[in-house]
Amino acid sequence: MSDKDKQERFLQLLKTNMEKLERYTLALCRNRQDAKDLAADTILTAYENFEKLRDEKAFLSYIFTIASRIYSSGRKKLRPMVELEDAGQLYCNRISPETATDIQLLYEALWKLSEERREAIILSEIFGFKHKEIAEIQNTGISSVKMRILRGKRELRKILGIDKKQDIIKSGAAALI
């Protein structure tokens, strides 16, 4: 593949996934500037290693893996909560104020979880990745991913004071992405 073909194909794939990447980096970083920096670093690394991508259908998983690893290796000090102006970037604008508040509370609760559990839940429940894909992104086994999600949901229910029968993620994440 020529450099021009590589660049065109990469930009085409990035264009269809950029909004998801921006939301994911914002969910990781919790503020717009750090999320933009992380997205930029991710794009640069993804482009430099684009030849290593075997299947273009896995591009979203590919860039999420890169973002996750860059974030984990160079974690900055986190702000105490998602800023209100940034919270609107986490979901679409066609939701009710009540749902927006629920989403904000869900993200605040997510930030009380360990990084591994939070990321596993975000990837699984909000972005819809399969356990195998999450295991690749988090560089761990499938059983670890399942336990992170299970324990993370239990912890979220406890934090939010929600009955076990309610699906806390689906109710708040339905309006996301």
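A few remarks follow.
- Among TYR62, TYR71, the order of accessible area from largest down is TYR62, TYR71, computed with a 1.4 Å probe on protein heavy atoms.
- Coupling constants for the range 138-148 follow from the phi torsions by the Karplus curve (6.51 cos²θ - 1.76 cosθ + 1.60, θ = phi - 60°), and in residue order they are 8, 6, 8, x, 5, 5, 5, 4, 4, 5, 4 Hz; glycine and proline get x.
- Each residue of the range 20-30 is assigned a 3J(HN,Hα), and the resulting list reads 5, 4, 4, 5, 5, 5, 5, 5, 6, 8, 6 Hz, derived from the Karplus form 6.51 cos²θ - 1.76 cosθ + 1.60 (θ = phi - 60°), x at Gly and Pro.
- A crude spin-label estimate for the pair GLN33 and ARG9, with each label 7 Å from Cα along the Cβ direction, gives 3.8 nm.
- Solvent exposure ordering (accessible area, 1.4 Å, most first) of THR65, THR101, THR16: THR16, THR101, THR65
- The range 113-156, accessible surface, carbon-and-sulfur percent (1.4 angstrom probe): 43 percent
- Loop-located trypsin sites (Lys or Arg not before Pro) in the range 33-62 (DSSP state not H, G, I, E or B) with no more than 16 neighbouring Cβ atoms inside 10 Å: ARG54.
- Proximity of backbone amide H atoms, modeled 1.01 Å from N, is registered between LYS130 and no other residue at under 5 Å, excluding neighbours fewer than 5 places apart on the same chain.
- Table column - 3J(HN,Hα) (Hz), the range 105-111, Karplus curve with 6.51, -1.76, 1.60, x for Gly and Pro: 5, 4, 5, 5, 5, 4, 6
The values are calculated or read from the model by the stated rules, or taken from the named source; none is laboratory data. In this text, all values refer to a predicted model and were calculated from it rather than measured experimentally. With ideal geometry, Cβ positions are generated from the backbone for all residues, glycine too; neighbour counts draw on all protein chains shown. Ligands, DNA and RNA are stripped out before the accessible areas are found, and what is left, the full protein with its side chains, is counted by its heavy atoms. Shrake-Rupley method; radii C 1.70, N 1.55, O 1.52, S 1.80 Å.
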